[in-house]
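Structure first, commentary second.
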Amino acid sequence: MPAKPWILGLTGGIGSGKSAAAEAFAARGIHTVDADHAARWVVEPGCPALSQIAERFGAEILQDSGELDRAALRRIVFAKPEERQWLEGLLHPLIRDEIVTHLSRAQSPYAILVSPLLLETSQHQMTQRVLVVDVPEAVQISRTSRRDGVDEAQVRAIMQAQASRETRLAQAHDVLSNDRDLHWLEQEVERLHQFYLTLTHNPA
């Protein structure tokens, strides 16, 4: 039987460019699972979790289509830490199950779990090595504000809910500095990819 692929955890603060890095690894044939995608799968219409969320927060967190209005829910939970804790308690075990299922399908030499909350949750326990995509906080704020059309205060509230930059870097095996252009990012991903291909199933 072929060796089971080892799992790389890819994380970084909001606006750091995790998705762009993950896409570059995927373009090299690496199986990637995005925790944000798993978080959407578990609250699709018809899923029990969505019914529980609507029961707690009211119909205003649902769109006319019956889908979750993620922006409306985000405004509520980032203003009330106790509500965010309730939501995380409901969703994190479900998200973990989805991640495990999708990682188990990997056929590449290593697989990647992309997660903004890799180090804040138990998700890092599913990985053998951690890659942090790192940018200065000012870059996080400007990129996120421009991308999502939100003000600095909301970006900072989201950043407060994530591990600090210092905490992420302290737990990183590898760091990808993503404060330049896409060409630089591609070069860094290729460098890391070639290194990761040399690692065994226990690479930490």
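The values are calculated or read from the model by the stated rules, or taken from the named source; none is laboratory data. Every value quoted in this text rests on a predicted model; they were computed, and no experiment measured them. Every residue, glycine among them, receives a Cβ derived from its backbone with ideal geometry; neighbour counts consider all protein chains shown.
Can you give me the number of residues within segment 49-81 that are farther than 19 Å from Asp151 by Cβ and either among the acidic types (Asp, Glu) or in contact with a helix residue (DSSP H, G or I) (Cβ under 9 Å, 6 or more places away or on another chain) (or both)?
So the count comes out to 16.
Can you find even one residue in segment 77-84 that is surrounded by 18 or more Cβ atoms within 10 Å (Cβ to Cβ) and at pLDDT below 95?
Yes, some residue in segment 77-84 is surrounded by 18 or more Cβ atoms within 10 Å (Cβ to Cβ) and at pLDDT below 95.
With the condition kept exactly as written, say whether any residue in segment 157-168 is crowded, with 18+ Cβ neighbours inside 10 Å, under 16 Å from the mean Cα position of the chain (by Cα), part of a helix (DSSP H, G or I) and not charged (D, E, K, R).
Yes; the residues of segment 157-168 include at least one that is crowded, with 18+ Cβ neighbours inside 10 Å, under 16 Å from the mean Cα position of the chain (by Cα), part of a helix (DSSP H, G or I) and not charged (D, E, K, R).
Would you mention how many residues in segment 127-140 are more than 30 Å from Ser104 (Cβ to Cβ) and either basic (Lys, Arg) or buried (at least 18 other Cβ atoms within 10 Å of the Cβ) (or both)?
2
Which of the residues spanning segment 169-195 are surrounded by 12 or more Cβ atoms within 10 Å (Cβ to Cβ) and not in a helix (DSSP H, G or I)?
Gln171, Ala172, His173, Asp174, Val175, Leu176, Ser177, Asn178, Asp179
Conditions (1) under 23 Å from Gly13 (Cβ atoms); (2) at pLDDT below 95; (3) in contact with a helix residue (DSSP H, G or I) (Cβ under 9 Å, 6 or more places away or on another chain), marked per residue:
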| position | (1), (2), (3) |
| --- | --- |
| Glu88 | yes, yes, yes |
| His92 | yes, yes, yes |
| Arg96 | yes, yes, yes |
| Ala106 | no, no, no |
| Ala111 | yes, no, yes |
| Leu117 | yes, yes, yes |
| Glu120 | yes, yes, yes |
| Gln123 | yes, yes, yes |
| Arg129 | yes, no, yes |
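So Ala39 fits all but one of (1) modelled with pLDDT of 95 or more; (2) within 30 Å of His193 (Cα to Cα); what number is the exception?
Going through the list (1) modelled with pLDDT of 95 or more; (2) within 30 Å of His193 (Cα to Cα), Ala39 breaks only (1).
Determine whether segment 51-67 contains at least one residue that is free of Cβ contacts under 8 Å to residues at least 12 places away in the same chain, out of contact with any Lys or Arg (no Cβ under 8 Å at 6 or more places or on another chain) and closer than 29 Å to Leu131 by Cβ.
Within segment 51-67 (the criterion being free of Cβ contacts under 8 Å to residues at least 12 places away in the same chain, out of contact with any Lys or Arg (no Cβ under 8 Å at 6 or more places or on another chain) and closer than 29 Å to Leu131 by Cβ), the answer is no, since none of the residues qualifies.
Is there any pair with a first residue in segment 129-149 that is more than 16 Å from Leu119 (Cβ to Cβ) and a second that is of a type in the set (D, E, K, R) whose Cβ atoms are under 6 Å apart and which are 6 or more apart or on different chains, and what are they?
From segment 129-149, the pairs are Val135/Asp179; Val139/Asp179; Ile141/Glu152.
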